[in-house]
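Student: Encoded as structure tokens, here's the structure I'll be asking about.
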Amino acid sequence: MSEIADFISKLLETADWPPRWHCGKWSSFHGWLFIISDLLVWSAYFTIPAIIIRYITIKKHQRFIRLYFLFAAFIMACGTTHFLDAVSFWYPAYRLNALIRLVTAIVSWVTIFYMIRLLPYYFSLKTPAALEAEAAMRQKAEQELQLKNEQLRNAETIGQFGHFEWDLASGTLKLSEGMRQLFDLPETQEITTLAAYLNFIPDAERVQQHDLLETFINNRHFRTHYQNIVTAKGNKKIFLTRGSVVCNNNNEAIKIIGTSQDITEFKRNKQLLEESRRIFKNAFDYSSIGMALVDIQGRWINVNQSICDMFGYTREEMLQRTFMDMTHPDDIAADMDYVKQLLNHQIDNYRMEKRFYRKDGSVIWTLLSASLVWKDNQPAFFTSQLVDISANKHLLNEMENKNLALEKANHNLQYHIEHITEFNRIISHNLRGPATTLISAVDIVADCEAEEAAELLTRIKGTSELIIQTLNDLKEVIEVQLNRNVTFSSCPLRDIIAASTQTLQEAIRESNATITTRLDIADIHFPRVYLESVFYNLLSNAIRFRQEGRPLEIQITSEKRGDKTIITVADNGTGIDLNRYKEDVFKYKRIFHKGHNGRGLGLFLVKNQVEACGGKIKIASDGTSGTTFTIAL
């Protein structure tokens, strides 16, 4: 009794036994075969009782209900033993296993005794109705079999396959209708022996096929293989043949059964695909332009030698990098926009000029052509072609620079022509007249009395001073145009304006002028001496030509427009009648308001100083309510 009590108390303990894995020499295959088989048996043994119970709950008026339940219990108990056998590889609960086996044995013998008890009754179950029902079922089964055979024939025709059976004892070969169609056999021709079958195999392969079949028989194993066939109509086909060797109880091969499928078209397509792959590989590997495959994350999948030479990396180094690692940052946004359009099915491909970094850090210009390959409606990878256009870009840049230089030279030439024309006018108008007067006076001074001679000498002096002043003005303008002794520097506008207003402070005080500034641009790159002269002349002109009876207001602004710095100086003075004087505003010795003390040099000098440094100056005025000068630098 103590052993029984000990057995029950330790029913679920496993310490007395090692897991089955450690009992004996189990290989992984053997062990898992045992486990999986037991689990499959267990699952089947639990499914069968479920089906039985389901059946008897629906068919409530069936006979032998107890027997059904006994069978269900018996099968379930058997299944439980298999489950515990599988579990014992890790959890050796052998006491529980023994108890379940005892329960199984009890249920088994109860079922047996119950069946023995019902045997006389079983023998009495044969009735005509049952036999008729059985006959009807067999007839139905035959009809279903005929339907299945018809379906099999249709499947063989559609799938281009057939089946065969070779009886090794009699040497008889039977072919299905599908197999006959594969051989293009006429109705009068049969293939009933192996020799007849081998006649459809090319001579060079016939012995090999015969020896192969002998090997299958000797090894009791049929291996799937290809067969080249020449049909009864002379068509060359390729069969994929599968089969099985059937053995008797003595493990002697008695027949071979199998199927053959016409895969000629499949093999041909496969060969075409392989040829296409070879062509693509050769075109990819040996192309003179860079070609690459890039995955969706931007990693290089494959690159050819041309692209390695282009970037200076080995193929292994390239595959360790990403597309974006090597892209110039200024080109990333445009490239990613194209990629987004590809992923959204908006475009099929794109082409762009793109910069990359080489291994040595230098920048290379390329013409990139890219497209996206899809697989199962999902983006798979990008194909990219790269052409090195660095030399073309450098040549184009050089041409553009030369064109810009040519345009600048042409502009300077035009500028100088205009100023030479203006100088010629000045010399003709401002120098020739005084010089003629001077010569005439000199000619007559000798014949004059002392008093008249003194007066002529005074006039000669004044004329000479006028000529010298004009020559000095021209010299100053020429110095501006030649940019001699002028240095460009960063000029704070507030300091420049302050210097000009300081110089003009007495005039500003007397005119009661108000000067306001709005400087969005604080500093400009310009010769300081010129900039001070420009502001001095514009401010002094605004003060000199102010409107009587109106408080003078001068506004100075600076701002950025595109790539230009714009400076404006606006006043509410008398203005200039541009309808009358527009072409003469910036010319030498032009005075537009009588009664004001002016030399006609200020605006002429301002224009030359601004244009000599690459700028432009414009004027706007309605002739009555002020003037606005706009300088673009």
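The values are calculated or read from the model by the stated rules, or taken from the named source; none is laboratory data. Since the model is a prediction, treat every value here as computed from it, not as a measurement. Glycine also receives a Cβ, built like all others from the backbone with ideal geometry; neighbour counts cover every protein chain displayed. All accessible areas refer to the heavy atoms of the entire protein, side chains included, with ligands and DNA or RNA removed. Shrake-Rupley method; radii C 1.70, N 1.55, O 1.52, S 1.80 Å.
Student: Got the relative contact order for segment 287-387 handy, in percent, Cα pairs under 8 Å and 6 or more residues apart?
Tutor: This gives 29 percent for segment 287-387.
Student: Which semi-axis lengths, in whole Å and largest first, follow from the square roots of five times the eigenvalues of the Cα gyration tensor of segment 48-181? The partial results should precede the final answer.
Tutor: Numbers: eigenvalues 372, 154, 50 Å².
Values for segment 48-181, descending: 43, 28, 16 Å.
Student: Could you provide, to the nearest whole Å², the per residue accessible area of segment 480-557 with probe 1.4 Å?
Tutor: 56
Student: Could you do me a favour and compute the accessible area per residue for segment 287-387, 1.4 Å probe, result in Å²?
Tutor: 54
Student: Further, regarding this structure: Roll a 1.4 angstrom probe over the protein heavy atoms and tell me the percent of accessible area of segment 2-124 that is carbon or sulfur.
Tutor: For segment 2-124, the apolar C and S fraction of the accessible surface comes to 72 percent.
Student: Whole number in Å², please: accessible area per residue of segment 160-269, 1.4 Å probe, ligands, DNA and RNA not counted. Write out the running numbers ahead of the final one.
Tutor: On the way: 6280 Å² over 110 residues.
Here the per-residue accessible area is 57 Å².
Student: Further question: Show me 361-367, 180-186, 22-28 ranked by packing, highest mean number of other Cβ atoms within 10 Å first.
Tutor: 180-186, 361-367, 22-28
Student: In whole percent, how big is the carbon plus sulfur part of the accessible area of segment 287-387, probe 1.4 Å, protein atoms only?
Tutor: Carbon and sulfur together cover 47 percent of it.
Student: Take the Cα radius of gyration of segment 287-387 and divide it by 2.2 N^0.38 Å, with N its residue count; two decimals is plenty.
Tutor: Segment 287-387 yields a ratio of 1.02.
Student: Which value in nm describes the separation of the simple spin-label points at LYS25 and TYR286, placed 7 Å from the Cα toward the beta carbon?
Tutor: Result for the modelled spin labels: 5.7 nm.
Student: To continue, here is another question. Based on the Cβ-Cβ distance from LEU240 to ALA380, what FRET efficiency comes out when R0 is 25 Å, to the nearest 0.05?
Tutor: E between LEU240 and ALA380, to the nearest 0.05, is 0.25.
Student: Provide the gained length on full extension for the span THR514 to GLU132, in nm with one decimal, where the gain is 0.36 nm per separating residue minus the Cα-Cα distance.
Tutor: Net length gain for the segment: 124.8 nm.
Student: Cut-off 18 Å, label point 7 angstrom out along Cα-to-Cβ of THR157: give me the residues of segment 184-226 whose amide nitrogen falls inside.
Tutor: Under 18 Å, as judged by backbone N against the label point of THR157, lie 184-188 of segment 184-226.
Student: Using θ = phi - 60° and the Karplus form 6.51 cos²θ - 1.76 cosθ + 1.60, what ³J(HN,Hα) does each residue of segment 517-530 get, whole Hz, x for Gly and Pro?
Tutor: With the stated coefficients, segment 517-530 comes to 10, 9, 10, 6, 10, 7, 10, 9, 9, 6, x, 4, 5, 5 Hz.
Student: Using a Förster distance of 41 Å, how high is the FRET efficiency between ARG544 and LEU406, based on the Cβ-Cβ distance and rounded to 0.05?
Tutor: 0.45
Student: Further question on the same structure: What does the extension gain come out to for ILE347 and SER490, with contour length at 0.36 nm per residue minus their alpha carbon separation?
Tutor: Extending this stretch completely gives an extra 46.5 nm.
Student: Just to verify a number: FRET efficiency for THR264 and LYS233, C-beta to C-beta distance, R0 = 22 Å, to 0.05? The partial results should precede the final answer.
Tutor: On the way: r = 13 Å, r/R0 = 0.61.
The calculated FRET efficiency here is 0.95.
Student: With only alpha-carbon atoms in the gyration tensor, what are the semi-axes of the equivalent ellipsoid for segment 2-124, in Å, largest first?
Tutor: Values: eigenvalues 226, 71, 29 Å².
Over the Cα atoms of segment 2-124, the semi-axes work out to 34, 19, 12 Å.
Student: If each of ASN579 and GLN297 carries a label point 7 Å out from its Cα toward its Cβ, how far apart are those two points in nm?
Tutor: Going by the 7 Å Cα→Cβ label model, 7.6 nm.
Student: How big is segment 160-269 by Rg and Dmax over its Cα atoms, in Å?
Tutor: Calculated on Cα positions, Rg and Dmax stand at 13.7, 45 Å.
Student: Within segment 295-313, list the residues whose amide N lies under 16 Å from a label point set 7 Å along Cα→Cβ of ARG358.
Tutor: 306-313
Student: Still on this structure, please answer the following. ARG561 to LEU273: extension gain in nm, 0.36 nm per residue of separation minus the Cα-Cα distance?
Tutor: Between ARG561 and LEU273, full extension yields an extra 97.5 nm.
Student: Go ahead and collect, in residue order, the members of segment 214-258 whose backbone nitrogen is under 19 Å from a label point 7 Å along the Cα-Cβ direction of ASP184.
Tutor: 227-240
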